[in-house]
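What follows is a short report on a single structure.
Every number in this text was worked out from the coordinates using simple rules, so none of it is lab data. Predicted model, so just to flag it, every value in this text is computed and none were measured.
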Amino acid sequence: MDKNVKTRFDQYPDSARHQLSSLRSLIFQTAEHLQSGAVEESLKWGEPSYSVKSGSPIRIDWKPDTPHNCYVFFNCNTKLVDTFRVLYGDVLAFQGNRAIVLDLSAALPESALRHCIELTLTYKKRRHLPLLGA
């Protein structure tokens, strides 16, 4: 784990750290399954960020002003969240066109998240397709 990301993870409350660690693992597992190449892990705007050459960056974070949620952020200038809303509006909660909102007290909707992560990590190849080819 990147040193700055580890420092940030150490600052999260236990419940948030657990869920964010699960999200981090899901990102790395999905990238490995897709054979996306190396995942660049860093801090962007103080948030853990993950990117591969073929995709759009994914950021994850917890905010003290919404202590019962954590977030998966996407580039708001893409079709990603709009596509996720069409595909998983009955399973996932969203914040505008930039984030999936996850309840810390609920189990991760792993199947839906894995698909959203896959679409994000392959965004540059899919961006011209309706619903990103989903």
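Points to keep in mind about this one:
- 3J(HN,Hα) along region 59-71: 10, 10, 6, 10, 10, x, 7, 10, x, 9, 10, 10, 10 Hz, from the Karplus curve 6.51 cos²θ - 1.76 cosθ + 1.60 with θ = phi - 60°, whole Hz, x for Gly and Pro.
- Residues whose placed amide H lies under 5 Å from that of Asp2, excluding near-sequence neighbours: none
- In plain terms, the chain from Trp45 to His18 could stretch by 7.6 nm, reckoned as 0.36 nm per residue minus the Cα-Cα distance.
- Distance from the alpha carbon centroid of region 3-45 to that of region 50-82 works out to 12 angstrom.
- At q = 0.12, 0.13, 0.21 Å⁻¹ the log10 of I(q)/I(0) for the chain amounts to -0.42, -0.49, -1.36, computed by Debye summation with a single uniform scatterer per C-alpha, solvent ignored.
- Karplus (6.51, -1.76, 1.60) ³J(HN,Hα), θ = phi - 60°, over region 93-107, in Hz, Gly and Pro reported as x: 9, 10, 10, x, 10, 10, 8, 9, 9, 10, 7, 5, 8, 9, 5
- Unsatisfied cross-links (Cα-Cα over 21 Å) in the set Lys6/Lys79; Lys3/Lys79; Lys3/Lys44; Lys53/Lys79: Lys6/Lys79; Lys3/Lys79
- Value at 222 nm in deg cm²/dmol, rounded to 500, when DSSP H runs of n ≥ 4 in the chain each add -39,500 (n - 2.57): -12500 deg cm²/dmol
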